[in-house]
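What follows is one structure encoded as structure tokens, with my remarks underneath.
The values are calculated or read from the model by the stated rules, or taken from the named source; none is laboratory data. Small disclaimer: the values here were computed from a predicted structure and weren't measured. A quick note on method: Cβ atoms are made from the backbone with ideal geometry, for glycine too, and the neighbour counts reach across all protein chains shown.
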């Protein structure tokens, strides 16, 4: 985990308190298990909902491993880029924090591009409806993980900066776990939960910004140290 811990924490906080963003995009899918559900019916539907969301998180993890592997290849090809990549990771955490705090959509163009892929995947969901078994729930969840979402893409960029397949997967798993409470509760008390999360967005966003700033501090200090060393060597000569 080492230096990727701040990224994993940021991903989890983003998922947990940035979930208000997900209601508009995912409510229809998540509602397959929870629309107009009562607390009693939730208990019977809970295993299905957990499996459903587990499928989504598995897709996130696969994408995280994929993008982090690409990042790892770049770092291996250009070793000196490791510190700048870490700096970029911290900057991305800051951007994600601002996105959560103010509802900005920095990656709307990328989200639109992802919609093209989703149009090819979405028809497969018809074969899984109605969702009557855990197997169908898992399958639909795996498809759901490919739904275009700017917040997911932001965290995927964070995963890429870890430049490590395992850490990239962990980042996306942390994000997915963070979103689970909101997604499972969608349709039961969605409006109240959305209002609660919205009230917490500013504080959560600023917390993520702080994590990003701390993540950026180490490479900045390294750059400063290298610069000071170079100046010292130059003066010695």
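For residue 66, the conditions (1) assigned to a helix (DSSP H, G or I); (2) within 22 Å of residue 211 (Cβ to Cβ) are fulfilled apart from (2).
Pairing residues of the stretch 140-169 that are modelled with pLDDT of 90 or more with residues that are part of a loop (DSSP other than H, G, I, E, B), at Cβ distances under 8 Å and at least 6 apart in sequence or on separate chains, gives 167/1; 168/162. Screening residue 115 with (1) more than 30 Å from residue 83 (Cα to Cα); (2) at pLDDT 90 or above gives one miss only, at (2). For the stretch 117-125, the criterion of being in a loop (DSSP other than H, G, I, E, B) and more than 22 Å from residue 103 (Cβ to Cβ) is satisfied by no residue at all. Has the stretch 133-149 got at least one residue that is surrounded by fewer than 16 Cβ atoms within 10 Å (Cβ to Cβ) and part of a helix (DSSP H, G or I)? The answer is yes; a qualifying residue exists. Among the residues examined, residue 100 does not qualify as modelled with pLDDT of 85 or more and either surrounded by fewer than 16 Cβ atoms within 10 Å (Cβ to Cβ) or within 20 Å of residue 176 (Cα to Cα) (or both).
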